[in-house]
Structures are given as C-alpha cells and as structure tokens.
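> What follows is a single structure, and I will ask about it in a moment.
The values are calculated or read from the model by the stated rules, or taken from the named source; none is laboratory data. Keep in mind it's a predicted model, so treat the numbers as computed, not measured. Using ideal geometry, Cβ is built from the backbone for each residue, glycine included, and neighbour counts are taken over all protein chains shown. Quick note on the areas: whole protein, heavy atoms, side chains included, nothing else; ligands and nucleic acids left out. Shrake-Rupley method; radii C 1.70, N 1.55, O 1.52, S 1.80 Å.
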Amino acid sequence: MSEQQHGKDAGGFSTRAIHAGQEPDAGTGAVITPIYQVSTYKQDGIGGFRGGYEYSRSANPTRTALEECFAALEGGERGFAFASGLAGQDTVLRALLTPGDHVVVPNDAYGGTYRLFNKVLVPWGVEHSIAPMGDLDAVRAAIRPGQTKVVWVETPTNPLLGIADIAALADLAHEAGALLVVDNTFASPYLQQPLSLGADIVTHSTTKYCGGHSDVVGGAVVVGRGITVPGYEDAAERVAFHQNSLGAVAGPFDAWLVLRGLKTLALRMEKHSDNAERVVEFLLGHPAVSAVHYPGLESHPGHEVAARQMKRFGGMISFQVRGGEDVAVKVCGETQVWTLGESLGGVESLIEHPARMTHASVRGTELEVPADLIRLSTGIEDVEDLVEDLKQALDRLG
Ligand SMILES: *Cc1c(COP(=O)(O)O)cnc(C)c1O
C-alpha cells in the first residue's frame, strides 16, 4: 500500500496503465500482480499488519493495485474499485450528500444513474433538478446556491452522444459551493481527463472500456487532489470510509480483470476511434440513414468542446433511420458481425435499439430517446467487415 510515486507511475499514459500500483511480486518475481483470493491476513502480533492488510473488504492487494493504477491514470489523489459502476456512484453520493441536499442531474443521464437519483435518493431526502448539461444557462438556473452540493455530468452521453463543457461546469459548480462529479465511462481515462479540467471526482463503469472484454462488471471512483466536502473532511477520506462501511467493493478476480484491461486501453481506444470514424463516414453516405450522432463530426453541436477536452472521439455512435421504429428494430436484427446486445466498450461490436432495450425504462419521461435511434458500440474487428455488415443490413430495407 505504498503511497509514494514511482518513476513508472509518473510516465506517459500507457506506462502508467501497465505499471502504476504494480511491482513484480517480492517473493516470487511474478511480473503480474497475483489474484489475492483471500479474505483475511495473518497478523504478526495483534495489530501487526503486513503492508496494512487486515480484511479484504477494507483492502486487498489486487484491488489496491487497481486503485493506485486508476488514481495515476486520472491524475487524482486516490482511486477506489467497486463491484459495479452503480455501486461506486452510490458510494460517492452517500459520501457527499445528506438528506435535504440538492443535486443537478443531466437530462440524458445513464438510466441506472437516473434511477439511483429518482428512486433511491428521493425517498432518502435528496432532491434533484434535471438540466441539459450542454446549456450552461439552464444549469446555472437549476443550481440552488447553498443547497446544491453536487453537479453530476456525463460526457459524451448515452445514447445521443451529447457533449458537456467540463471546465465551464466546474466553474459553475464551484461558484455555488458544489462539487462537479463526472461519469467518464464513455470516454475512458485515455480520451478524457476530467480532473485536469477542474472536476472534483470521476466515476467509471469499468464494465465498459476499462475492462474492455465484456467479461466483468465493475466500477471505479477517483477523487481529485485536495478536494474537501463542504461541511465535512477530506473527500478522499470520506469516500474511503464509505467504501469500507458500505462494502460494495470489487472482488480480487474482478479487480484483476480490470487491471489487465487497463494495460491495453490506449491501443484499444485508438482502434475503437479509427473504426468508428470509418463507420460514421459510411453511415453518412447511406440513403436509409437520416441522422448520425458522433462528436467527431463538425456538424455535431458539441464538436468544438469535444475537440478541446477529448483526445479523440471514441467508439460510440448513434444514428437514426428513415421509416421510424419498425425499421430501426429490423436493422438491429439483420447484422451478423455486430452482435445485438446491451452494454458497450468491449472488443466486439454491439448494436442495440435504445428505446426498447437500454432506455426502455425512461419511455414517457423527460429522458425518453427517439424510437428510430440505433446505438453502436464499435469494436476493434477489421473495419471492412463492420462496414460490409451494416451495409447489407441497411441495403435490405430498400
Ligand atoms: C454502464 C454504465 C453505468 C453503470 O455501470 P454498471 O457497471 O452497469 O453498474 C454508469 N454510467 C454509464 C455511462 C454507463 O454506461
């Protein structure tokens, strides 16, 4: 549990992704951090903990390696690994809020995040207002100075790929004495570093790009340096206390899978972005397609902000088809290489119909998505095969 910064922890992104928080095993020289599948640790006399390890809810060496790696990748003070993205979000919100507080929530938040605010935190006494995060005046109007403790933002958003200006939102939040929390799942720490733009806390569903292979459900939280929770102590200490008290931690094997995924994150994000750019170009030229949503397009309303705060534009695309919902549903059933399924961020390409699948729960609410929308998570297969597969599916409509 060394807190010191190694040279390898301070290098470029991939050097940190491969080495931060990880040293060859002292006893065996094992190059990769072992899966410490263990609940408890021998004490050398009462309270004589080796390396600080006592019980694996509080800390586990495999999880510690992942947590230190995340802190190094996001440039934060301290990282935390959870059993799911939502477990991490719940822990952060309970650490930052008490009944009577108010939160500003995006009008296109991830459905599970919105459910957490609406169905779990409302009965608990935390109020929220919904605002379009791309509209700074609307966010300013939604903030209740003194009562708003958190401004929550996702960028890019799911499934319409909306973009919010992290630096501007951080200023707005801080003026009102609130913290800015960024769900950085869609961009990953490789494409976007919210803490460097002024955000206070970053969350991830590591189920997506960080894990990257659709074989693990997990979450991560990174608290920025020197952040304090208004009315309380140090934010990192408070999240650490709640992580241990609530106990929704990542298990050793899950932590290990995410740690392995992070090592290739940079390579994968470059390829996801390359492939997505080619797929977007194809979609724009197809007569069955009526609109394409991708922040890399100059016509995208958030393009300028995205170009400023993201390294590239990632693998997520959504598009609308002529002919409405039935046509969109049909296209989703006609692809072979693109697998019909929920989730995103894996090496394999996925296609889905948000209105009936990932966003079915927000139908009829302010968060409803267009029924003719199709969402793509562009994988890292050969892009010719991805384009050809979409082409045959769309050509069949004619
Ligand atoms: C998937 C996802 C979550 C929730 O993460 P889980 O790992 O499923 O709990 C939160 N935010 C975004 C943007 C997501 O895509």
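> For the range 71-124, give me each residue that is farther than 24 Å from T148 by Cα and touching a Leu at 6+ places or on another chain (Cβ under 8 Å).
Once the filter is applied, which keeps residues that are farther than 24 Å from T148 by Cα and touching a Leu at 6+ places or on another chain (Cβ under 8 Å), the range 71-124 yields L73, E74, G75, G79, A81.
> Also, quick follow-up: Quick one: would you say V280 is hydrophobic (A, V, I, L, M, F, W, C) and more than 19 Å from the chain's Cα centre (by Cα)?
Yes: the conditions hold for V280.
> If you don't mind, there's one more thing I want to ask. For G324, are the conditions met, namely being out of contact with any helix residue (DSSP H, G or I) (no Cβ under 9 Å at 6 or more places or on another chain) and farther than 21 Å from T155 by Cα? Step through it out loud before you land on a result.
Numbers: out of contact with any helix residue (DSSP H, G or I) (no Cβ under 9 Å at 6 or more places or on another chain): yes; farther than 21 Å from T155 by Cα: yes.
Answer is yes for this residue.
> Show me the strands (runs of 3 or more DSSP E) entirely contained within the range 131-219 in which 3 or more residues are more than 15 Å from the ligand (Cβ to nearest atom).
Result: 148-154.
> Which condition number in (1) farther than 30 Å from A167 by Cβ; (2) free of Cβ contacts under 8 Å to residues at least 12 places away in the same chain is the one that E298 fails?
Going through (1) farther than 30 Å from A167 by Cβ; (2) free of Cβ contacts under 8 Å to residues at least 12 places away in the same chain one by one, E298 breaks only (1).
> If you don't mind, another one. Given the range 34-118, what helices (runs of 4 or more DSSP H) lie entirely inside it while holding 1 or more residues that are open to solvent by less than 50 Å² (accessible area, probe 1.4 Å) and at pLDDT 95 or above?
Once the helices (runs of 4 or more DSSP H) in the range 34-118 are filtered for at least 1 residues that are open to solvent by less than 50 Å² (accessible area, probe 1.4 Å) and at pLDDT 95 or above, what remains is 61-74, 85-96.
> Quick one: how many residues across the range 318-350 are of a type in the set (V, I, T) and in contact with a Ser or Thr (Cβ under 9 Å, 6 or more places away or on another chain)?
First, the residues of the range 318-350 that are of a type in the set (V, I, T): 321, 327, 329, 331, 335, 337, 339, 347.
Going one step further and asking which of them are in contact with a Ser or Thr (Cβ under 9 Å, 6 or more places away or on another chain), we end up with 321, 335, 337, 339, 347.
Total satisfying the criteria: 5.
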